[in-house]
1. With the cut-off at 1.5 for a/c, could you classify the chain from its C-alpha gyration tensor as rounded, prolate or oblate?
2. Say the cut-off is 25 Å between C-alpha atoms; which of Lys43/Lys154; Lys5/Lys163; Lys5/Lys80; Lys80/Lys154; Lys5/Lys43 go over it?
3. Only helical DSSP H runs with n ≥ 4 go in: add -39500 (n - 2.57) per run for the chain, normalise by residue count and round the 222 nm mean residue ellipticity to 500 deg cm²/dmol.
4. Against the longest alpha carbon principal axis of the chain, how many degrees, from 0 to 90 and to the nearest 10, is the axis of helix 86-111 turned?
5. Please list the radius of gyration and Dmax for region 24-75, considering alpha-carbon atoms only, with Å as the unit.
6. Determine the distance separating the Cα centre of region 129-151 from the Cα centre of region 28-53; give it in Å without decimals.
7. Set Lys and Arg Cβ to +1 and Asp and Glu Cβ to -1, take the dipole of the chain about its Cα centre, and tell me which of Gly41, Asn121, Ile10 lies farthest positive.
8. Placing +1 at every Lys and Arg Cβ and -1 at every Asp and Glu Cβ, with all other atoms neutral, what dipole size does the chain have around its Cα centre, in debye to the nearest 20?
Amino acid sequence: MTYIKVSISIFLALAASRFIPHPPNFTSLLALSFYVPAILGRKYIVALVICFMLTDVFIGYHTTTLFTWGSVAIIGYTTKFFLNSSLNRLFGAFSATLIFFLLSNFGVWVSGTVHGVSNLNLLETYIIAIPFYGNTLISTMIFSLIIENLISLKQIKIILKKKLI
């Protein structure tokens, strides 16, 4: 039952991030894709991907949808390498932005049309996507810092409880 309750909470957070108006690529999606498995465990990767699938029902599917979902899964599985400290986790969140950038834009290239232009090589596709990466990187780092501060507050509460007992 806990898994379902947590999964619903993840869905609500992802849905809010996707449906509330925001600048292009300025969401908490990658921070959540990194921190949910990092904090709650890899068993929630499936819940994350399902949440993306459900919100995509309303947003709409596109030629890179599978690459987006795949990047979320890969990001989730990489979290185990970044759990030692908050600095490592922030580096992991930064790495998540690179994984997403590389995979989603590879999907754009494979689909054959980039913003109405066809026959671009892979490097040109990545270059065209750089402006979108700025918002992705900034938003992921902001949301990651918020999550890290929440983790710190939780740890402080635990320490204070132990000292009071």
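None of the figures in this text is laboratory data; all of them are computed from the coordinates on show. For clarity, every value in this text was computed on a predicted model and none was experimentally measured. Here the Cβ positions follow ideal geometry from the backbone for every residue, glycine too, while neighbour counts run over all protein chains shown.
1. Values: a/c = 2.32, a/b = 1.79, b/c = 1.29.
Verdict is prolate for the chain.
2. Numbers: Lys43/Lys154 22 Å; Lys5/Lys163 31 Å; Lys5/Lys80 23 Å; Lys80/Lys154 20 Å; Lys5/Lys43 14 Å.
Too far apart for the 25 Å limit: Lys5/Lys163.
3. -27000 deg cm²/dmol
4. Once rounded, one gets 20 degrees.
5. Computed over the Cα atoms of region 24-75, radius of gyration and Dmax are 10.9, 31 Å.
6. 15
7. Going by the charge dipole, the pick is Gly41.
8. Working: 11 positive and 3 negative charges, 212 e Å.
Computed about the Cα centre, the dipole is about 1020 debye.
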